[in-house]
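The values are calculated or read from the model by the stated rules, or taken from the named source; none is laboratory data. Quantities reported herein were computed from a predicted structural model and do not represent experimental measurements. Here the Cβ positions follow ideal geometry from the backbone for every residue, glycine too, while neighbour counts run over all protein chains shown.
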């Protein structure tokens, strides 16, 4: 069952919205309507549903209507037409009091430029939502302290925001949003004002927090990398319409329109593609200590390869055996692999990005083994695949 | 030649006569109330020995601002005593500060009101323009018509002259608060009043303080002109020096005004800086 359900939502800025919506439905473009009626279509017939605990990313360039859309979800902006249900209640029909309750208890928001209050301390900022709810001081400070701790700001309670860096200020913003324990977090370009490294950190921390808290998150961004990283599903917006909704994989692999395709093409594939996505899972291996050099050479011949990975009974990677070495061992009448297994070889984790794999492989004429955290063998990546994928990315970027 | 004449003069004269006739009971009450305030304030300043006031003012300035300004306050007041203008100086302080107080009492709420409603602001703006640009001598006349000669009409004239910056800068300060801040308060369920109280007003205080400073300066400037309708104080000293072409007396009265102006300006400036820092 979905926690947020948006149906046929429109937002028109300016006078005479009815006429504008009629024109939209007749197929007029945004610019034509602007020229004829002086109104701007902010959101054009948008529908989607979000499941509880889902991270739903809305992505688009500036002016695509994504910020308007997120503000409709708590009615900081009044929608013109359509319905938005949160927990099965149509919030577009709520009166002032119900709306205030919704904002206090169910939906909280994190802002692009942090919007934390400079005249309040970190603690007062974090407890602001609870203050509005009328929670007594000790209790709200207790809860605020907990959420400050969750975002890693323990010990900063009594500082004023001006003493904090941008990243820390946004942590205060996040703590303020979490303190009221809402079902839904609205994050409006929450990390866009941060520099790239801090931004990555914040993304990782949000993912960790999300693992624990399982909030429903609506995250607005203009950055596809961020969308792919954070989103369980991604909605792509253009001119106030949603042009595609899907998992990161679906958006990457089958862009629905030319617009999405262009967007996706801008992504640096070498950062998005991981070992898991390009590895060969059905790789031939030999087992240690059962198999000897003869078996090794035989398998290599069967599969037209010049080296082979060795694993133990639990499928843990031990090393690699080269064809030349196996041949020498046979000539020397050896029966075990001990003397010819090369154990010191580079490996990749399933989520190692393409770029790093490339670095691991340079200068070595070996395929790359992909292993998990417990050194279990998962598959192999051969040089050719890496090169081909890198080349694809390069072409797409041009 | 065209024959065109607007009898504005007659209209206004007739209008004012009617208005003052119907409003007279209310005006008399207001006049008495304001009179009590100014006279009380003035009496309070003149009642203790001069040295006590000098020390008290210096101490107050020290607490509110800095020891350097406190020294200036003490020496400045000592000079006015030495120039034998202590009484008119205190009278001017009483008039200027009660004028400022009344201006702020009316002006700041009006400014807040105008910040919340575009309609109110649109109505207020031309009225404020009118109040600020009309030659200040002109509204001495209705002040006298409504309240007669004396300190109360001087106070009213001061109020009209000094209120616009308080209104404008209050409105500006509140409207300047970033939209995201206001959105943040509202997104957590704050209503209009709570958003104003928690976020907009505290963040607007530096600008509002600039309005207070302007208001005091304009009130002080107006006390001189208001001496023509019985405002008394240092303005009266200056006025008499003009009537008797006594340049020395003019300089003495002028110096008193300058000392007060510098003191009040630095004091409010330091205060608004302190507010900003916190």
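In the range B:240-278, which residue that is within 14 Å of chain A (Cβ to nearest Cβ) and touching a helix residue (DSSP H, G or I) at 6+ places or on another chain (Cβ under 6 Å) is farthest from residue B:61 (Cα to Cα)? Here the answer is B:276.
Of all the listed residues (A:106, A:83), the sole one being touching a strand residue (DSSP E or B) at 6+ places or on another chain (Cβ under 9 Å), at pLDDT below 95 and within 14 Å of chain B (Cβ to nearest Cβ) is A:106. For the range B:161-173, the condition of being part of a helix (DSSP H, G or I), within 14 Å of chain A (Cβ to nearest Cβ) and in contact with a helix residue (DSSP H, G or I) (Cβ under 8 Å, 6 or more places away or on another chain) holds for at least one residue. Total residues in the range B:176-188 satisfying the condition of being out of contact with any strand residue (DSSP E or B) (no Cβ under 9 Å at 6 or more places or on another chain), outside any helix (DSSP H, G or I) and either surrounded by fewer than 18 Cβ atoms within 10 Å (Cβ to Cβ) or within 7 Å of chain A (Cβ to nearest Cβ) (or both): the figure is 1. Taking the range A:10-76 and the helices (runs of 4 or more DSSP H) fully enclosed by it, the elements with 3 or more residues that are at pLDDT 80 or above and surrounded by 23 or more Cβ atoms within 10 Å (Cβ to Cβ) are at A:66-72. Tell me, please, whether a residue that is more than 13 Å from chain A (Cβ to nearest Cβ) and modelled with pLDDT of 90 or more can be found in the range B:200-207. So far as the range B:200-207 goes, yes, one or more of its residues are more than 13 Å from chain A (Cβ to nearest Cβ) and modelled with pLDDT of 90 or more.
Taken as a whole, the structure leaves residue B:152 outside the set of residues that are more than 14 Å from every other protein chain (Cβ to nearest Cβ), surrounded by fewer than 24 Cβ atoms within 10 Å (Cβ to Cβ), in contact with a helix residue (DSSP H, G or I) (Cβ under 6 Å, 6 or more places away or on another chain) and assigned to a helix (DSSP H, G or I). In the range B:1-116, counting only helices (runs of 4 or more DSSP H) that sit wholly within it, the ones holding 2 or more residues that are within 25 Å of the chain's Cα centre (by Cα), touching a residue at least 60 places away in the same chain (Cβ under 8 Å) and farther than 30 Å from residue B:253 by Cα span B:8-46, B:86-116.
Considering every residue within the range A:115-122, establish whether at least one is within 26 Å of residue A:53 (Cα to Cα), more than 9 Å from chain B (Cβ to nearest Cβ) and surrounded by fewer than 23 Cβ atoms within 10 Å (Cβ to Cβ). Within the range A:115-122 (the criterion being within 26 Å of residue A:53 (Cα to Cα), more than 9 Å from chain B (Cβ to nearest Cβ) and surrounded by fewer than 23 Cβ atoms within 10 Å (Cβ to Cβ)), the answer is no, since none of the residues qualifies. Within the range A:311-353, the set of residues being in a helix (DSSP H, G or I) and within 44 Å of the chain's Cα centre (by Cα) comprises just one member, A:323. Taken together, the residues in the range A:86-101 that are over 17 Å from residue A:185 (Cβ atoms), more than 14 Å from chain B (Cβ to nearest Cβ) and surrounded by 14 or more Cβ atoms within 10 Å (Cβ to Cβ) amount to 1. When residue A:192 is tested against the conditions (1) within 18 Å of residue A:62 (Cβ to Cβ); (2) within 13 Å of the chain's Cα centre (by Cα); (3) surrounded by fewer than 23 Cβ atoms within 10 Å (Cβ to Cβ), the lone failure is (2).
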